[in-house]
Structures are given as C-alpha cells and as structure tokens.
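K.L.:
Just passing along the structure, written as structure tokens.
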C-alpha cells in the first residue's frame, strides 16, 4: 500500500515539482494550500488545477490572514522589487515572516490526523538563499520539533520533511519536472501580476523562472501567446 | 523603555495569568488569540475582555480552521470526556494535533514583524502532562527553530519562549494570579459548555479548575451565583 504524504502546494512551479516527485515515490498525495493573503489569488486557483492534474487524494485549502501581521511586500506591505540583481545575499523584502514555520506546522497538524509521516515542501536553498526558512538546518530543526510536538512522536514515530528541490537550480527543477511530464502552464510564479493575471516579468520570481527555462532551452508554456487560458 | 512581548491569549485562566506575569515583568503586551474552531466561541469573547483588563497595546484575533483537519474532541470530533480520572498519563482525546506548534509559529510571525523577541505561552506540564506540546523539551526545540526560521535569527537575535506556568500546579497558578489581582471571573475554561455558556463542571478542564480553587481555598468567581454576566 502506498503511504500518505502531505504536500504543500502553492500554485508555483517548485511545489508542483516537489509534489510530483512525492507521487513518483509512490506516495498518496494530500495537498495543502494555505491562502495567506497573497497579493494575488491566482496562486490559489493554480494550486487547484495542479492538485487535479496530480490526481491527489484530497486537496485542502486553509485560509490564514498572515497579511494582517504585515511585514512583507508579498502580503501588501510595500512594493515588490523589480529588476534587482538576483545574486544578492540579503533577505529580500518579499520574505514573509515565519511563513514556512507556519506552513509546516499546519502540514504537521494535518499529517498527524491523517496518520501520514511524510511532508513535502518545495523549498530551495540555492536560488532563494536569502530566505532563512528555506535552509536545510531549518528543515532539520522542524523535524526535531515535530517529533517532540506530537502524539505520534511521543509514541516513537518520526516525521520526515522532504525537500527534494533544496539543492537544485531552477533549471534543474524544470528538467526534473519535464521528465515527469508536468505541465508548467498550470503554474503561477509572479509576485506582482498585472490585473489580467499575466506575469510582470520583472520581479525576482519571474526572472528566476525565465532564467531557468532559458538554461533548459525550452519555452515557458505560460508565456506561449497561443496557449488557451486554463484558469 | 519596556520591551514588547507577544502573549498567546486563549480566554482561559492559564494564558491570562501568563500574560499578567509578562506585564509584571514590564513588557508591553501584544496579545494574540487564535480562533481555531473551538467547540464554543465563548473563549474568544473572554480573550477580548481579558485583553482589555490587561491593558494590552494591541489584541489580534486570527481565524484558522484547524477544525477542518479534525482529530480532536476539542474541535468537534467525538465527545469531550467527562468525570475521568485526572491522573491519567495517556494523551487525552482533547489533544489538538500540533496546536501549540501552530500557535507559536503565528506568535513568531507577529513577533518578528513587531520587533519583539519575547513570546509568552501559558502551557503547563504538570496538570496536562498528557499533551506533548506542553513539555519543556518542545519549547526549547521551538526556540531553536525560531532562530533558524527568521530574519532576526540570521541577524544574530534570539527569541525566548517564556512558560512561566510550566512547572506550577493549578492552585499555584491561581495563587500567582490572585497576587496580581486578576479577575478570574473574566475567564472561560470549560471544554464543553452548556448552550447558555455556563461550564459543564465535568470535563478535565472544569475539574482541574475546581480542584485548583479548592486547594487555594477561595471560591471560583465564575461560579458565584450573584455575579453579573460580563460577557
């Protein structure tokens, strides 16, 4: 019997790929999307289409108004930076305070109820080295916490937080996904899309994505002019 | 200048006392109440009255539907047990999976935005030894995680999770609160109140509370028949 895995699904390219890797490892997928007050709801719609394409057993959307705390350009505090150098080592203003801690805590809550011991998150320490909660040491600390935090842990079980993308470049991630026949036209990556939902092309996320597709040498299906709107 | 502290405020007796201890230590209080799908909303109303009585700088309520995950009698899955022995060592069915992990993650998110480095939570390892996420080792693991998870941590700051009640009996907690002139009539403790909001008197929480007041030798103001309804 396949074992259950909770996969955090944002609607972006990374979490789609991480979830597909979980599926390729014969896990039954339980997808969790946190609607946390993003600047644009398009990500949540994309997550629904992706969950369907992946054939998940169940897709839960949980609403959490992290925007009310403020503190990030991603939740409406200040401008999303455009055209900045991608190799900056400082933490970008798009960092959402403690976001992955909150996401993993919610995934852990659901995993414990489901009897799942595996959680997949599409964090990446290479392209986003500026985000503290994308580092391997953060993930290991969360696993330690998860064991201490739960009934399952007390009973001797262990939770594993899988980060299959953590050491990959964006191009590597796209290559892995294309091997798994993923349709990246379903995803949304832009931090600050135009009112019609089309990507700005200038934020960090758009530019990392473009760089990735360029390195792989394939066009981004999201940007194909003839592609019918699916969302 | 007083330093800021985020205090998790549930509407119960313990978190009120923990917050008052934070105030006595000259912190400016930022109270966070998570409305997580409790069986009864009375706790959230109580938290508002308590925040006012404590003179907090700000009180945030954040809604999070942990009930949708199920898995606990406290969020509507199954019956709240009544009249059971209080010295059982197994984890009660009122355990909410990963609840304190989620609560502390949210407190951390707000603390980072506020520039606060202190978080207070009214967990108690003595009377609730069955809850894994009330143990000191869980709290220490969360502090480690918090440092790794945040911009502040990367910049060399440390977060402290204060648990002033962790080793106290319910009677000790009540004594501490009475010394600080707290009005426990503002609090709600019952896991399964009657439709009129009055406590059932038979769940673990009601019975621990009654035992505490009895040991201190004072009446529970919540149970005084002449007390005017404040909520």
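The numbers here are math on the coordinates, done by the rules we state, and not lab data. The shown structure was predicted, so the numbers you read here are calculated from the model rather than taken from an experiment. All Cβ positions, even for glycine, are placed from backbone atoms using ideal geometry, and neighbour counts span all protein chains on display.
K.L.:
So for the protein assembly as shown: antiparallel DSSP bridges make up what percent, rounded to the nearest 5?
P.N.:
Of those bridges, close to 5 percent are antiparallel.
K.L.:
Modelled label-to-label distance, residue B:198 and residue A:214, 7 Å Cα→beta-carbon offset: nm?
P.N.:
7.3
K.L.:
If you take the alpha carbon radius of gyration of the protein assembly as shown and divide it by 2.2 N^0.38 Å, what ratio comes out, to two decimals?
P.N.:
1.03
K.L.:
Restricting the calculation to Cα positions, tell me the Rg (one decimal) and the Dmax (whole number) of region A:94-178 in Å.
P.N.:
13.7, 41
K.L.:
Over chain A, with a Gaussian network built from C-alpha contacts below 10 Å, which listed residue (A:56, A:216, A:123) shows the highest mean-square fluctuation?
P.N.:
A:216
K.L.:
Normalized C-alpha radius of gyration of chain B, against 2.2 N^0.38 Å?
P.N.:
Output field value: 0.97.
K.L.:
While we're on this one: Using the number of other C-beta atoms within 10 angstrom as an exposure proxy, rank B:84, B:135 with the fewest first.
P.N.:
Least to most surrounded, the residues fall as B:84, B:135.
K.L.:
Tell me what chain B gives for mean residue ellipticity at 222 nm when only DSSP H runs of n ≥ 4 count, each as -39,500 (n - 2.57), the sum divided by the residue total, rounded to 500 deg cm²/dmol.
P.N.:
One gets -11000 deg cm²/dmol as the mean residue ellipticity at 222 nm.
K.L.:
Using the number of other C-beta atoms within 10 angstrom as an exposure proxy, rank A:181, A:15 with the fewest first.
P.N.:
A:181, A:15
K.L.:
Report the Cα centroid-to-centroid distance between region A:194-214 and region A:98-139 in angstrom, as an integer.
P.N.:
What the calculation gives is 24 Å, centre to centre.
K.L.:
So for B:179, B:4, A:82, fewest C-beta neighbours within 10 Å to most, what's the order?
P.N.:
Going from least to most buried by this count: B:179, A:82, B:4.
K.L.:
On to the next question. Just grab the label-to-label distance for residue B:52 and residue B:3, each label 7 Å out from Cα along the Cβ direction, in nm (one decimal).
P.N.:
About 3.2 nm, to one decimal.
K.L.:
Averaged over peptide B:26-35, how many Cβ atoms belonging to another chain are found within 10 Å of each residue's Cβ?
P.N.:
That average works out to 0.
K.L.:
Which percent, to the nearest 5, of DSSP beta bridges fully inside chain A are antiparallel?
P.N.:
5
K.L.:
Below 8 Å, C-alpha to C-alpha, sequence gap of six or more: please give me the relative contact order for chain B in percent.
P.N.:
Over chain B, the number comes to 23 percent.
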